[in-house]
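Accompanying notes for the structure given below.
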Amino acid sequence: MAIPAAELRLFDGRLIVAAANDAYRRAGLDEHRAQSLLTSELAQRVIALLDSDHKSVEFPLQLGDVIDCRYFQATLTRSAEGQMDACVLMLVDHTAQHHTERSLRREMTTDSLTGLPNRQGFGDLIESMMATGQRHAVLVIDLNRFGRLNACMGSLVGDELLITVARRVKGALRSRDSIGRIGGNEFGILMMMDGSEDEAHILADRIDRAMRAPFRLTDYEVNVEASVGIAFNEGPDGDAEELIRHAQFAVKHAKTAGRTETYHPQAFTIARAQFAMETALRRAIENDGLHLAYQPICDLATGRTVSFEALARWIDVDGQSHSPTEFIPVAEESGLIVPLGRWAVHEALSQLAAWDRAAGGDCGVRMSVNVSAIQLQRDDIPSVIEAALAQAGIAGERLTLELTESAIVGDPDRVTAIMKALKALGTTIAMDDFGTGYSSLAYLQKLPIDVLKIDRSFIGGMLADRDKIAIVRAILGLGQALGMQTTAEGIEAVELGQTLAALGCTYGQGYYYARPLDPDAAFAMIARQV
């Protein structure tokens with residue numbers, strides 16, 4: 001409601017209430033509050049209005065103390081009587097509207113479960129800190145395996161745990177630090193820093209110690225581990241949401257590393273580059289932008305090429321060549337290894353069929369294809385292989401599937417069933433990079449493995465290193481005892497091939513025989529053997 005509250009005049013440089021009506025008094029503006037109107041700010045507004053050509057001016061006006069405060073929209077208008085030193089003050093009471101907006105704002109920025117600031121409210125706290133110019137850090141706490149606990153014990157137990165965690169973490173903070181719940185099982189800490197960045201790490205250690213004790217809930221006692229990531233503000237022009245994301249990026253690495261991690265801009269740059277590579281790789285897979293190169297595997301006794309290992313190669317649309325050591329990890333992390341692996345199997349077998357047609361029958365070589373541990377977990381490998389063999393018209397006996405040790409030991413029971421299904425198709429199973437991972441005699445004895453591939457790290461420099469020779473000799477003896485064939489990787493000199501053959505190694509591959517070849521060059525090598 002607009003209230004023609006009072007007529008204001010300038011008298012000897014002072015602002016006075018020359019007249020006030022009943023509406024002014026009904027608004028609760030008694031003499032004491034009337035005097036509070038006569039502030040320097042209001043006087044300046046009156047002077048500015050009287051000295052200008054404007055007829056009126058609007059502005060917000062707050063009256064009263066913190067406990068009993070009213071909010072108005074004020075309008076100053078030149079006196080209708082044409083007096084040069086007087087104007088009329090009109091007020092619109094916005095107190096109720098202001099309280100409603102403040103209540104809604106509080107609900108929007110508060111987590112209903114813990115009563116802490118939510119992500120938006122936590123961001124507001126960071127922005128307020130940034131405005132002061134005070135150095136600060138954001139810590140993100142992520143509860144490990146919370147989803148599993150929530151699924152096993154129910155959401156009520158999960159909620160009780162979150163409330164208890166919030167209380168315990170809050171108890172580990174200093175009085176000037178703030179805490180918020182910024183995600184389902186993530187808490188954010190805003191800490192003011194007086195000294196070095198070690199302060200944040202000291203706080204992280206204190207939180208870690210607080211989290212180690214069991215949490216006693218209504219019906220359960222549970223142990224919860226937490227990971228902590230830290231990000232420091234880059235300056236007064238920083239962005240609150242970006243600072244939170246940086247701390248979340250650090251906590252992601254902390255979960256992998258098993259220790260508190262600090263955000264580094266370079267790491268984020270690398271991650272963005274990997275994301276860009278993931279996008280480009282996805283397009284390359286969808287648009288047939290990759291190709292295979294073929295490295296020969298030779299019989300060490302005769303020197304004859306008996307097989308080719310299919311190796312993925314990628315040249316992007318800009319003509320830049322990407323090493324498999326760059327894009328394969330990205331493919332595995334993003335899940336693109338599944339379509340990539342399927343494509344590699346179909347492409348390799350199609351190429352083997354093309355060589356058969358060019359040779360007028362069986363060209364006399366086999367094909368070897370790598371299978372990622374991620375693909376083994378997520379894909380129906382036996383069905384994929386069966387379909388690819390049928391489509392190419394290739395017998396399973398001419399395909400070797402190379403699995404890494406990590407793929408085998410991750411879920412041995414499931415892998416055993418997959419291997420048996422693959423063996424039923426006639427395929428050969430090779431354990432790749434043997435000796436570099438989790439080798440176990442129990443796995444070798446239990447699983448239907450046909451070939452052990454000795455990693456190149458044992459082959460390179462073998463002739464000058466007695467320990468390497470001893471390791472290679474032991475692997476070869478193990479393979480012979482278990483009835484397995486052996487393949488040595490990384491042979492780059494004739495002496496290596498001869499020594500390995502003398503030690504009983506079956507096959508070899510490496511730059512001494514040939515680098516990975518394109519299909520035509522590989523077939524030319526096959527044709528020379530006929």
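Every condition in (1) touching a residue at least 24 places away in the same chain (Cβ under 8 Å); (2) out of contact with any strand residue (DSSP E or B) (no Cβ under 6 Å at 6 or more places or on another chain) holds for V345 except the one numbered (2). Within segment 175-226, if we keep just the residues that are of a type in the set (V, I, T) and at pLDDT below 90, the residue that is farthest from H136 (Cα to Cα) turns out to be T218.
Considered as a group, the residues in segment 388-407 that are under 18 Å from N370 (Cβ atoms) and in contact (Cβ under 8 Å) with a residue 40 or more places away in the chain include one that is surrounded by the most Cβ atoms within 10 Å (Cβ to Cβ), and that residue is L399. Among the residues of segment 310-336, write down those that are in a helix (DSSP H, G or I), open to solvent by less than 50 Å² (accessible area, probe 1.4 Å) and within 11 Å of E278 (Cβ to Cβ). Of everything in segment 310-336, those that are in a helix (DSSP H, G or I), open to solvent by less than 50 Å² (accessible area, probe 1.4 Å) and within 11 Å of E278 (Cβ to Cβ) turn out to be F327, V330, A331, S334. Restricting segment 41-79 to residues that are polar (S, T, N, Q), open to solvent by 20 Å² or more (accessible area, probe 1.4 Å) and over 27 Å from R102 (Cβ atoms) leaves a set whose member that is modelled with the lowest pLDDT is Q44. The condition (being touching a strand residue (DSSP E or B) at 6+ places or on another chain (Cβ under 6 Å) and not in a helix (DSSP H, G or I)) is satisfied by just one residue among L76, L113: L76.
Considering segment 223-236, the residues that are touching a residue at least 24 places away in the same chain (Cβ under 8 Å) and open to solvent by 40 Å² or more (accessible area, probe 1.4 Å) include one that is farthest from T164 (Cα to Cα), namely P236.
In segment 431-511, counting only helices (runs of 4 or more DSSP H) that sit wholly within it, the ones holding 3 or more residues that are open to solvent by 50 Å² or more (accessible area, probe 1.4 Å), out of contact with any Lys or Arg (no Cβ under 9 Å at 6 or more places or on another chain) and within 21 Å of T305 (Cα to Cα) span 494-503. Scanning segment 137-144 turns up one or more residues that are small (G, A, S), in contact with a strand residue (DSSP E or B) (Cβ under 7 Å, 6 or more places away or on another chain) and closer than 24 Å to D194 by Cα. For segment 186-208, taking the residues that are part of a helix (DSSP H, G or I) and not acidic (D, E), the one that is farthest from L243 (Cα to Cα) is identified as R206.
The condition (being open to solvent by 40 Å² or more (accessible area, probe 1.4 Å) and in a helix (DSSP H, G or I)) is satisfied by just one residue among S128, S175: S128.
Note on segment 267-290: residues that are out of contact with any helix residue (DSSP H, G or I) (no Cβ under 7 Å at 6 or more places or on another chain), part of a helix (DSSP H, G or I) and either open to solvent by 70 Å² or more (accessible area, probe 1.4 Å) or at pLDDT 90 or above (or both) total 10. The combined condition, being open to solvent by 80 Å² or more (accessible area, probe 1.4 Å) and under 28 Å from V165 (Cβ atoms), is fulfilled by Y220. Checked against (1) modelled with pLDDT of 90 or more; (2) closer than 30 Å to A131 by Cα; (3) open to solvent by 40 Å² or more (accessible area, probe 1.4 Å), H264 passes all but a single condition, namely (1). Of everything listed in (1) of a type in the set (D, E, K, R); (2) over 22 Å from R106 (Cβ atoms); (3) exposed (fewer than 12 other Cβ atoms within 10 Å of the Cβ), the single unmet condition for D208 is (3). When we screen G303, G393 for residues that are over 23 Å from D433 (Cα atoms) and either acidic (D, E) or more than 38 Å from the chain's Cα centre (by Cα) (or both), the only hit is G393. Here's a check for you: in segment 349-375, which residue that is within 21 Å of I418 (Cα to Cα) and open to solvent by less than 30 Å² (accessible area, probe 1.4 Å) is modelled with the lowest pLDDT? Ranking the candidates gives A373 first. Would you check if there is a residue in segment 144-163 being assigned to a strand (DSSP E or B) and surrounded by 19 or more Cβ atoms within 10 Å (Cβ to Cβ)? No, that holds for no residue. When residues in segment 210-222 are screened for being touching a residue at least 12 places away in the same chain (Cβ under 8 Å) and part of a helix (DSSP H, G or I), 2 of them pass. Filter segment 291-304 down to the residues that are open to solvent by less than 20 Å² (accessible area, probe 1.4 Å) and among the hydrophobic types (A, V, I, L, M, F, W, C), then identify the one that is nearest to F523 (Cα to Cα). Step by step, filter segment 291-304, then rank; the result is A293.
The values are calculated or read from the model by the stated rules, or taken from the named source; none is laboratory data. Because the structure is a prediction, the values reported are computed rather than measured. When we count neighbours, we look across all protein chains shown, and the Cβ atoms used for this are built from the backbone with ideal geometry, even at glycine. Protein only, heavy atoms only, side chains kept; ligands, DNA and RNA dropped before computing areas. Shrake-Rupley method; radii C 1.70, N 1.55, O 1.52, S 1.80 Å.
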